[in-house]
Amino acid sequence: MEFSNEIIDMIAKKIPGVPKQRKGSFHDTESLKHFKNKDIEHAFNILRQRFLNINEWQKYCSKNFSDFKLCDDSGKILERLPETGDYIRIDIPGLGGIEGDSYDWVQIVMLETAVSDMMMMQCKPCQKPFGSNGRVAHFYSKSGTSTFIISKGKNYLKAGIYGRNEKPNENGGFLDFIRNLLISIGGMLGFSKMQWKCLTYGWLDFE
């Protein structure tokens, strides 16, 4: 299995569809795998299925990786393909959630699946889809985005996750603020990038 070596960038990449980096932290997390031309179409079909099956993302990494569940506006887990406006419930092992809830939440604000050689999904921190007090239920503030992209080249597949404008969520109680700050600092130090790298690598692991 051939993967590219990752180069750590000090400046956020300019990628169509990914918001411009303006403030806070960022990351560009990518994995690349080369294929013989006869194998690439079959592999890309598998990658597309893995990308859209959000409820199974954890299995492509490890049990220590955050667990993701696609949900509707009542918080009910959905067993279907994602759509713009859906929510994703995030369970971070050992850290709990915001204001007594067990989870962090993001909403899918953009989903592009019509292009034959690329898929893109963008998520933003949001309030809980039910019983909300209007506060963002995520360790990052609402300015942050995570953009997930898979693409097919002539002889390679690429999976990327791009975080932009990531700042700690300062709204909430004191304990929530400390939690959010610690997670954000971890992200700045590269710990969240390691988690995302595990996912992009796992998406492309077909052995």
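Please treat every number below as a calculation from the coordinates, not as lab data. Note that the structure is predicted; figures quoted are calculated from it, not measured. Don't worry about glycine lacking a Cβ; one is built from the backbone with ideal geometry, like all the others, and counts go over all protein chains shown.
Give K14/K59; K69/K197; K14/K38 a once-over and call out the pairs whose C-alpha atoms are over 28 Å from each other. Please report the intermediate quantities before stating the final value.
Values: K14/K59 30 Å; K69/K197 19 Å; K14/K38 31 Å.
Check vs 28 Å cut-off fails for K14/K59; K14/K38.
Cross-link reach is defined here as a Cα-Cα straight distance under 18 Å, omitting same-chain residues fewer than 8 places apart; for K76 the lysines meeting it are K128.
Most tightly packed first, judged by the mean number of other beta-carbon atoms within 10 Å of their residues, the peptides 42-54, 134-146, 68-80 read 134-146, 42-54, 68-80.
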